[in-house]
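A short write-up of the structure that comes next.
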Amino acid sequence: MLLANLAALVYANSPAFAAMIYQESGAPGWDPLSLWRQMGILAKIVVIVLFIMSGWSIGVMIDRWMAFSAARAQSRAFAPAVAGALREGKIDEAIKVAERNKKSHLAKVVTAGLQEFRAQGDMSEIRDETIDASRRALERSESIVHAELKRGLGGLATIGATAPFVGLFGTVVGILNAFREISNQKSMGLASVAGGISEALVTTAVGLFVAIPAVMMFNYLTGRVEAFDVEMDNSSSELIDYFLKRRNTAVRR
């Protein structure tokens with residue numbers, strides 16, 4: 001008896017069941033190409049903007065990685081060479097060593113201090129004014145090199161902070177489109193909301209895809225810049241100590 005009633009119910013509502021099956025089976029696919037086709041113009045613009053942001057962030061990552069790697073490699077070769085030249089009192093030779101390692105952050109800073117020291121004139125009599133001038137030159141050079149090292153990191157931070165919100169904007173648009181389709185078609189089938197759902201999912205996913213690597217690399221590269229700052233401070237301090245020791249030696253003589 002129960003089976004007979006169930007069969008009668010299905011038969012009586014067969015048009016509704018057929019429509020539901022048709023909606024579900026006719027739902028568009030969820031592969032990337034199908035999702036792109038289902039998206040509206042505004043959602044596509046959001047995705048394109050996100051991919052432009054991603055390309056920009058990748059470019060900054062590659063540029064900074066190459067610059068930092070070159071700075072690290074040349075600094076390792078520069079440090080012992082310039083230290084040996086300074087121990088022998090060869091200021092000109094130390095400057096030549098620095099000029100051969102132009103990508104080294106340490107070389108850029110030390111060169112400024114050495115050139116200012118040499119420009120003061122007679123090196124046999126080192127005055128306080130000479131050391132102060134060299135110290136100021138080192139500080140100016142550190143500021144310039146620090147700005148060069150941080151080039152592009154501000155944009156990377158901006159992309160990491162704003163990409164999720166750009167994706168969220170696309171998500172809101174997709175949800176609004178889904179509700180609009182439900183209202184227009186008076187239907188709750190998957191096909192009626194597939195376009196809006198795809199927009200919401202794709203823009204959210206792309207926004208996170210862009211933001212997460214940008215934030216991670218920004219934090220990593222910022223840490224590298226801070227380490228370079230410490231190395232430049234130490235090199236500047238050591239160079240000033242060298243000038244002071246050289247002055248004391250000249251006074252004893």
* To do: Would you rank ILE48, ILE159 by solvent-accessible area, highest first, keeping every protein chain in place and using a 1.4 Å probe?
  => ILE48, ILE159
* To do: Give, as a single signed number, the net charge of other residues whose beta carbon lies under 10 Å from the beta carbon of ALA107, with Lys and Arg counted +1 and Asp and Glu -1.
  => +3
* Surface accessible to a 1.4 Å probe, per residue, for the residues of the range 134-185, Å² -> 56
* Structure fact -> Given 161-168, 109-116, 200-207, the highest-first ranking by average Cβ count within 10 Å works out to 109-116, 200-207, 161-168
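If Lys and Arg each add +1 and Asp and Glu each add -1, what is the summed charge of the other residues whose beta carbon sits under 15 Å from the beta carbon of GLY223?
After counting each charged neighbour, the total is +1.
The values are calculated or read from the model by the stated rules, or taken from the named source; none is laboratory data. What you see is a predicted model; the values in this text were computed from it and never measured. Glycine gets a Cβ as well: all are built from the backbone with ideal geometry, and neighbour counts include every protein chain shown. Keep in mind that these areas ignore ligands, DNA and RNA; they rest on the heavy atoms of the full protein, side chains included. Shrake-Rupley method; radii C 1.70, N 1.55, O 1.52, S 1.80 Å.
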